[in-house]
Amino acid sequence: MPENVPDLPREVAELSDRVSALRSTHAMYPNDAAGTAEAALVELGFAEQLLRDCEQRLASHESNAPRRSGNDDERAVLRAVFTELSVPVVLLDNAGYIRRINTMGAERLGGASGYLTGKPFSNFVDLRRRAAMRSWLAAVLRGGEPASFESRLAQRGWAEDVHLTLTRLDVPTEAEPMVLVAMSPPLHSDADEGPAPLEPEVEDQVVVLAARRLDVLTRMTRLLLRSAGPGGAGQPLALDEAAGLLADSYADWVIMDVCDLPSDADRARRAVVAGPGGDPHGTLLESLDPQDSEVPRDVLTSGKSVLHQLIEDEGILGRAPDSAPLLSALGAGSLMCVPLRGSRGVRGALTLIRRSNRGGFRLADLGLIEEIGEHIGLALPPRYTGC
């Protein structure tokens, strides 16, 4: 480690050159990934030690009073080193919330550092890997030994495998220890089983998204008019067709809960579940009581829509018989639920789920599905009782 602050930029520049060389080597010789990964871990260890030294010096200088201009300059250099380090790193407090994040780390998580600061780091980890991430974090804080493991980030519609290294930091000015998280390419990558993500250049085009929403609304309106509109078949609305349309064009899973039981008109039943063909989770979703799921239950009770652009609590849709969160089993990344509102109040709830390798639902999506939910609610047959 450099003894003087002026040596730090030189150390960082040399580290950046070595990382660039390793990246080029990996691109040219992918079959030699094991050797390249081992060298990358060595560089990661050096970067970790460099950051630890910078953090300790920064904490030491911040605790000195009165402050002099020389100390301010040194703190500025240390912050610049952390920010511009060529390895994605995140500093977490003892509760797992992001305290600081450098430029490459913010790019990896898909946001600006100001937006990411203060958010739980686990929110950016794929639901299926989130429990393991929390356990490793607790173990590092408790035992003090570093941990290194494979994980997966989920953000901006992409699921990305990553290798995480967690190191405990005991800073004199902090009452509780902190954890430094360094991100590197995975040693072993598992192929995701979900559908291919939408192209980002298409997903971010407002005109294309607006056209897609209009197409979904038009197709749903045509379906409703064909079943119950003037000149239509006059048959009750086929909920499975409506759910299938949404699952085919707008979400990975669609769940409809309807209040039409003769014995209790205010109690919902799970009417339809539409999702990927052959997925065994469909049968599990069909067997569950809507009252055991927090999201549809709250929507049925309050009549207000719910949007989770990024899922923080994986238990909000309920749990499987083995107590595993359903959203984790589905690989969910985003969820929304709207009421099926008829002429005499809420008739049910419509829940849409997208997996983590697709773009999350937005407010414009919520507005569209609220409109569709009202159309479906108006097309539902009258209740048996309690009208």
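The values are calculated or read from the model by the stated rules, or taken from the named source; none is laboratory data. Small disclaimer: the values here were computed from a predicted structure and weren't measured. Neighbour counts run over all protein chains shown; Cβ positions are idealised from the backbone, glycine included.
Miscellaneous remarks
- Filtered by the rule that a residue be of a type in the set (Lys, Arg), surrounded by fewer than 20 Cβ atoms within 10 Å (Cβ to Cβ) and within 18 Å of the chain's Cα centre (by Cα), the range 124-158 gives Arg134, Arg156.
- Test: residue in the range 289-304 that is among the aliphatic types (A, V, I, L, M), assigned to a strand (DSSP E or B) and within 27 Å of Asp215 (Cα to Cα): no
- Looking only at residues of the range 71-123 that are of a type in the set (A, V, I, L, M, F, W, C) and assigned to a loop (DSSP other than H, G, I, E, B), we find that the one that is nearest to the chain's Cα centre (by Cα) is Ala112.
- Pair list, Cβ under 7 Å, 6 or more apart: the range 105-124 residue outside the structural domain of Gly331 (by TED's automatic domain parsing), other residue among the polar types (S, T, N, Q) and in a strand (DSSP E or B): Leu109/Gln155; Gly110/Gln155; Phe124/Gln155
- Residues in the range 21-34 that are surrounded by 11 or more Cβ atoms within 10 Å (Cβ to Cβ) and within 29 Å of the chain's Cα centre (by Cα) were compared, and the one that is farthest from Pro88 (Cα to Cα) is Ala33.
- Among the residues making up the range 131-173, those that are at pLDDT below 85 and under 18 Å from Gly111 (Cβ atoms) are Ala154, Gln155, Arg156, Gly157, Trp158, Ala159, Glu160.
- Residue in the range 83-93 that is more than 25 Å from Ser334 (Cβ to Cβ), of a type in the set (A, V, I, L, M) and touching a Gly at 6+ places or on another chain (Cβ under 8 Å) present: yes
- Test result for Arg130, part of a helix (DSSP H, G or I) and of a type in the set (Lys, Arg): yes
- When Ser227, Ser189 are checked against the criterion of being outside the structural domain of Pro30 (by TED's automatic domain parsing), in contact with a strand residue (DSSP E or B) (Cβ under 7 Å, 6 or more places away or on another chain) and either at negative phi or modelled with pLDDT of 75 or more (or both), a single residue qualifies: Ser189.
- Among the candidates Gly367, Gly377, the residue that is surrounded by fewer than 20 Cβ atoms within 10 Å (Cβ to Cβ) and either modelled with pLDDT of 85 or more or in the same structural domain as Gly315 (by TED's automatic domain parsing) (or both) is uniquely Gly367.
- Considering Gly303, Gly345, Gly318, Gly333, the condition of being crowded, with 17+ Cβ neighbours inside 10 Å, of a type outside the set (S, T, N, Q) and either out of contact with any Lys or Arg (no Cβ under 7 Å at 6 or more places or on another chain) or farther than 30 Å from Glu160 by Cβ (or both) is satisfied by Gly318 alone.
- Asp313 satisfies every condition listed in (1) at pLDDT below 90; (2) closer than 21 Å to His281 by Cβ; (3) buried (at least 20 other Cβ atoms within 10 Å of the Cβ) except (3).
- Residues located in the range 264-300, provided they are surrounded by 16 or more Cβ atoms within 10 Å (Cβ to Cβ) and among the hydroxyl-bearing types (Ser, Thr, Tyr): Ser293
- Taking the criterion of being free of Cβ contacts under 8 Å to residues at least 60 places away in the same chain and of a type in the set (Gly, Ala, Ser), the residues of the range 125-147 that qualify are Ala132, Ser135, Ala138, Ala139, Gly143, Gly144, Ala147.
- First in the range 254-266 and among the polar types (S, T, N, Q), second anywhere and modelled with pLDDT under 65, Cβ under 9 Å, 6 or more apart: Ser263/Tyr384; Ser263/Thr385
- Residues of the range 306-345 satisfying the condition of being part of a loop (DSSP other than H, G, I, E, B) and without any contact (Cβ under 8 Å) to a residue 40 or more places away in the chain: Asp313, Gly315, Ile316, Leu317, Gly318, Ala320, Pro321, Asp322, Ser323, Ala324, Ser343
- Yes/no for Gly348 being over 15 Å from Val295 (Cα atoms) and either in a helix (DSSP H, G or I) or modelled with pLDDT of 90 or more (or both): no
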